[in-house]
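Please treat every number below as a calculation from the coordinates, not as lab data. Keep in mind that what you see is a predicted model, and the values were worked out from it rather than measured. Cβ: placed from backbone, ideal geometry, glycine included. Neighbour counts: every protein chain shown.
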Amino acid sequence: MTPEPPFVIHALELGPMENFVYLIEDRASGRAAVVDPAWEVPEVLELARRRGVRITDILLTHSHHDHINGIEEVLAAYDAKLHLLKEEARFWDAGLELPSLHHGGDHIALGETDIEVLHTPGHTPGSACYRLGGQLITGDTLFVFGCGRCDLAGGDPEQMYHTLKDMTQKLPAETVILPGHNYAVKATSTLAEQQEGNPFLHFDDRDRFVHYRMHYHDRHRYGPYGPVCRGHEMPDERA
């Protein structure tokens, strides 16, 4: 019998951009971490109240406005520590007061819950994913049947190509991904299912990936995203 994990992850879909805001609850300590607090923060605070937990940590996957606009509201209610990657703090340049800065490979202890920080650049220079056991909170790095844009400030499609390749090669296929937006026909998925149906994971040529991400995808594919068969990402003749 598989032992119960020391944590539970609650998902709230909030705001006009279909953001997923996650509340990680450590069962033993009553501590909680909120990932990318934004939009209707009172709903996050009410969830914490109902669960009887206190928010001690704020984890940022990246610093775009739609993922951070609720930070101050959370900090007004809880004395929480803010976590982000050092590369993202440098990119954001927000003059933050004493955040906890991390490198890829660091671990954050939330009570008895171990949270591994992965550096996954591409959407922004310091984009992070957070790994908890067999689950991966992916922010705007990897969506269900999609991936984050690379044409916004700080985006780099070549970095995104290498990040996604690295994820599929190093993480178990049964890893459950928890994305930053509800852009697809389903809210979560496994990495194995994404390797089969996510067109961004089908490319073995960096230049073709860059062309697809930057010039083809947004003109030919519309949400909610569903699976794409291998070989159907784009025609051989580049658009």
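If we count every other residue with Cβ under 15 angstrom of Ser189's Cβ, Lys/Arg +1 and Asp/Glu -1, where does the sum land?
Result for the local shell: -2.
To the nearest 0.05, what FRET efficiency results for Leu152 and Glu73 with a Förster distance of 25 Å applied to their C-beta separation?
Plugging the Cβ-Cβ distance into 1/(1 + (r/R0)^6) gives 0.55.
Under a plain spin-label model, where a point goes 7 Å from the Cα along Cα-to-Cβ, how far apart in nm are Ala109 and His162?
Reported label-point gap for Ala109 and His162 is 3.3 nm.
Let's test this: bin the Cα-Cα distances of segment 158-239 at 5 Å from zero up to the farthest pair and state each bin's percent.
So the P(r) values, bin by bin, are 3, 14, 24, 27, 22, 9, 2.
Given only helices, namely DSSP H runs of n ≥ 4 each adding -39500 (n - 2.57), what is the per-residue ellipticity at 222 nm of the chain, to the nearest 500 deg cm²/dmol?
The helix contribution divided over the chain gives -6500 deg cm²/dmol.
Tell me, what is the percent relative contact order of segment 7-220, built from C-alpha pairs under 8 Å that lie six or more residues apart?
It comes to 15 percent, rounded to a whole number.
Between segment 46-60 and segment 128-193, what's the alpha-carbon centroid distance in Å?
24
Please compute the modelled spin-label separation between Arg219 and Glu46, points set 7 Å along Cα→Cβ, answer in nm with one decimal.
Taking the two extended label points, one gets 4.4 nm.
Can you tell me which of Ala192, Ala48, Ala77 moves the most in a GNM of the chain? Springs connect C-alpha atoms under 10 Å apart.
It is Ala77.
Need one number: the % of Cα-Cα pairs in the chain sitting beyond the 25 Å mark.
Every Cα pair in the chain considered, those over 25 Å come to 39 percent.
Pull up the cross-link candidates among the lysines for Lys165, meaning alpha carbon to alpha carbon under 26 Å and not fewer than 8 places away within one chain.
Output for Lys165: Lys86, Lys186.
How much of the DSSP bridge set in segment 1-144 is antiparallel, in percent, rounded to the nearest 5?
70
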